[in-house]
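The values are calculated or read from the model by the stated rules, or taken from the named source; none is laboratory data. Treat the numbers as computed from the prediction; the structure is a model and nothing was measured. Positions of Cβ are backbone-derived with ideal geometry, glycine not excepted, and every protein chain shown enters the neighbour counts. Note: areas computed on protein heavy atoms with side chains; ligands, DNA, RNA excluded. Shrake-Rupley method; radii C 1.70, N 1.55, O 1.52, S 1.80 Å.
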Amino acid sequence: MSASDQGVHPERYQLIPRVLCFIIHERDVLLLKGAPDKRIWPNKSNGVGGHVERGEDFYAAAKREIAEETGLTARDLCFRGAINIDAGEATGIGMFVFTAVSDSRETVSGGEGTLEWVPFDQIGQRDLVEDLPTLLPKVLALKDGDPPFFGRYWYDEAGRLRIEFSQVDSSDADERR
């Protein structure tokens, strides 16, 4: 199939690809507290990540973002799920969520905020970006070999974030074979 046959047309809904990574060390997760002058989520905690660059796949983008924002070389990078974020525009966000493991707690900040190792049982005490109280427990509960989740975020008429998840179960996987 040629590039022109891929069906890319300006009138179709399109996505900007992003990655979001949660790095784990024992029973802690590394969160990035946004700098006070950060345009989006200032003073709020989030995972590390960012845009997928042209020529990168999602896995390579996750590895790059982890290295750039933390200085860590994480291992066991694992795709956990994909979320379609509809902000009411012609272009949405396709967010690809990963986890990784770090043997070290020594980080080097990439300048986007403050990196903090947060114990799993203290995550709820942090000022998190809006979706993390729902997303992060879901991600941290996944075990090796679990199927990825799929979700969608959208904003209702009042501007409130809405979150919906589905997950592939074993019967879905059997049907695809």
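Brief remarks on what is shown
- Kirkwood analysis of region 1-95, using all unique Cα-Cα pairs, places the hydrodynamic radius at 15.3 Å.
- Sulfur and carbon atoms: percent of accessible area, region 27-177 [1.4 Å]: 47
- Packing, as the average of other Cβ atoms within 10 Å across residues, places the peptides 37-46, 76-85 in the order 76-85, 37-46, highest first.
- Folded to 0 to 90 degrees: helix 132-141 orientation relative to the chain principal axis, Cα: 90
- When restricted to Cα atoms, region 115-173 yields an Rg and a Dmax of 14.2, 40 Å, respectively.
- Rounded, prolate or oblate (a/c below 1.5 giving rounded, otherwise prolate when a/b exceeds b/c) for region 56-177 by Cα gyration tensor: oblate
- Computed over the chain, the per-residue total of -39500 (n - 2.57) for DSSP H runs of n ≥ 4 gives a 222 nm mean residue ellipticity of -5000 deg cm²/dmol, rounded to 500.
- Spacing of the two label points (7 Å from each Cα toward its C-beta) at Asp37 and Leu15, in nm: 3.4
- Label point 7 Å beyond Cα of Asp103 along Cβ direction - residues of region 58-89 with amide nitrogen under 16 Å: 72-77
- For the chain, the longest principal axis of the alpha carbon atoms and the long axis of helix 58-70 meet at an angle near 30°.
- Straight-line cross-link partners of Lys38 among the lysines, defined as a Cα under 28 Å from its Cα and at least 8 positions apart when in the same chain: Lys63, Lys138.
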